[in-house]
Amino acid sequence: MLKDRYGLPLSTTSSDARDAYVAAVDSMLCADPRADTQLAETLRADPDFALAHAAIARQHQLHGHAAEAQQAIERATMLVPGATQRERQHVDICGLLIDGSSQQALGRIIDHVETYPLDALALSPAAGVFGLIGFSGRPGREQEQLALLQPLRAAYGDDWWFATVYAFALIEVGEHEHGRELVERALEQRQGNAHGVHVFTHALYEGGDDRTAADYLTDWLPGYPDAGPLTCHLWWHRCLLHLALGDTDAVWSSYDAHCAPVASQSPPINVLTDGVSLLWRARLAGLDGDRARWQALLDYQRRCFPQPGVFVDAHCTLSAVALGDWQAFEADLALLESRAVAGKLPAGNVAASLARAYRDFACERWARVVQTLQPIADEVVRIGGSRAQRDLVTNTLIAAYFRDGRPQDARRLMAGHDGRQRSVPVSNSRGNGQPEA
């Protein structure tokens, strides 16, 4: 029986299908946009290969193509009964993901990897900050993420994909030096691993090595296709680094060319959340983000996320606040509150509290920003995303401290910011200016 790269049997008799599928899985695991073409090649060689249809369903889901994802997973479900038990469970997990049954899918994955630890593609939805644990809304999710992966180290050995996701889990609990060592080894095995580049950037960021990170991305990114799933997000990281380094021109030229809604081909969740996060951080640093950029993001949000869900909820009021569109803000806030009450937001009311803090910041009610953000500091982890992404909240509080005449509190927070030694680009003035460290 033909097997995949991890030695797992595949229910196809076509060597061409097997080869194309193995290549596609590796592409999916490293955010290589060739995955779609490779999956199409798989189906040309074997149109009845269930796992390929399931992988296509996941690709559609990640890009927000709900109807296409549903069609593909229905085809996989119809074809899989004659396959192995591992493949049937794999397709079942994908089906739960497509249906939005995220926590049920997580339970199935945890059970699945006890028997099939090397089913990397089945494990991957639970293996990152944008995954099922990362978006669970649970306060202890970072330790939970590490606990899922730690028992699998022996099974994967020095595998580049596992080293990448395990490194990220370590970085998110503060072990950025260990994480850096692991991801550097992963990148030695597969230099085109965009997820590895992403994790390496996080390791440098957490270690305060902004210049090295910026130079690394400047060298690597031109070779990564515009259609890459991580294109927007990696350029966003470069923008943040240049913001911290005070290179304003590089910030806006990179954003406009690679991250803005009109330019980006990346998943909508990244385009929206990265965009508003960057523009708000620029505002905290005393820089003008331009109303046209904010308006484009608000229009994009209305088109792609009329009902804010996980992670989007923590960002969806920023455009309205920045534009002073208080009617839009109140509508979004009411929606956040009602969805939280209905149990549709994993982080509950945290996003609504953040929205009020952002509103008060824009209205220069600095003390109220502090009063809102201080009590929920330990709850912000529930919104999902990485530590670097959640710095949006911390930087807002630091800026509010400065502008409320409390520089000692600001510096205390900066010095004790999870033990990290990094620049924090915020200005202590209300006008434009250069970022302060």
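Odds and ends about this structure:
- With respect to (1) more than 18 Å from Arg5 (Cβ to Cβ); (2) in contact (Cβ under 8 Å) with a residue 40 or more places away in the chain; (3) surrounded by 17 or more Cβ atoms within 10 Å (Cβ to Cβ); (4) of a type outside the set (A, V, I, L, M), the lone exception for Trp161 is condition (1).
- Of all residues in region 27-44 being of a type in the set (Ser, Thr, Tyr) and in contact with a helix residue (DSSP H, G or I) (Cβ under 8 Å, 6 or more places away or on another chain), the one that is surrounded by the most Cβ atoms within 10 Å (Cβ to Cβ): Thr42
- Taking the criterion of being part of a loop (DSSP other than H, G, I, E, B) and under 20 Å from Gly348 (Cα atoms), the residues of region 110-157 that qualify are Val129, Phe130, Gly131, Leu132, Ile133, Gly134, Phe135, Ser136, Gly137, Arg138, Pro139, Gly140.
- Those residues of region 296-343 which are touching a residue at least 40 places away in the same chain (Cβ under 8 Å) and among the β-branched types (Val, Ile, Thr), in sequence order: Val310, Val312, Thr317, Val321
Here is a yes/no grid of residues against (1) under 15 Å from Ile383 (Cβ atoms); (2) within 18 Å of the chain's Cα centre (by Cα); (3) assigned to a helix (DSSP H, G or I):
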site	(1), (2), (3)
Gly309	yes, yes, no
Val321	no, no, yes
Gln327	no, no, yes
Glu330	no, no, yes
Leu336	yes, no, yes
Gly348	yes, no, no
Ala351	yes, yes, yes
Leu354	yes, no, yes
Ala357	yes, no, yes
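- From the options Gly196, Gly192, residue that is under 24 Å from Trp236 (Cβ atoms), of a type in the set (Gly, Ala, Ser) and outside any helix (DSSP H, G or I): Gly192
- Selection status of Gln145, modelled with pLDDT of 95 or more, polar (S, T, N, Q) and closer than 26 Å to Gly309 by Cβ: yes
- Within region 93-109, if we keep just the residues that are part of a helix (DSSP H, G or I) and among the small types (Gly, Ala, Ser), the residue that is farthest from Arg58 (Cα to Cα) turns out to be Gly107.
- Output for region 54-92, where each listed residue is in contact with a strand residue (DSSP E or B) (Cβ under 8 Å, 6 or more places away or on another chain) and not in a helix (DSSP H, G or I): Thr84
- Test: residue in region 255-272 that is among the acidic types (Asp, Glu), modelled with pLDDT of 95 or more, within 27 Å of Val199 (Cα to Cα) and over 19 Å from the mean Cα position of the chain (by Cα): yes
- Condition met for Ala23 (under 17 Å from Ala122 (Cα atoms), touching a helix residue (DSSP H, G or I) at 6+ places or on another chain (Cβ under 7 Å) and in a helix (DSSP H, G or I)): yes
- Of the residues making up region 202-221, those that are in contact (Cβ under 8 Å) with a residue 40 or more places away in the chain and part of a helix (DSSP H, G or I) number 4.
The values are calculated or read from the model by the stated rules, or taken from the named source; none is laboratory data. Everything numeric in this text was worked out from a predicted model, so none of it was measured. Please note: Cβ atoms are built from the backbone with ideal geometry, for glycine as well, and neighbour counts cover all protein chains shown.
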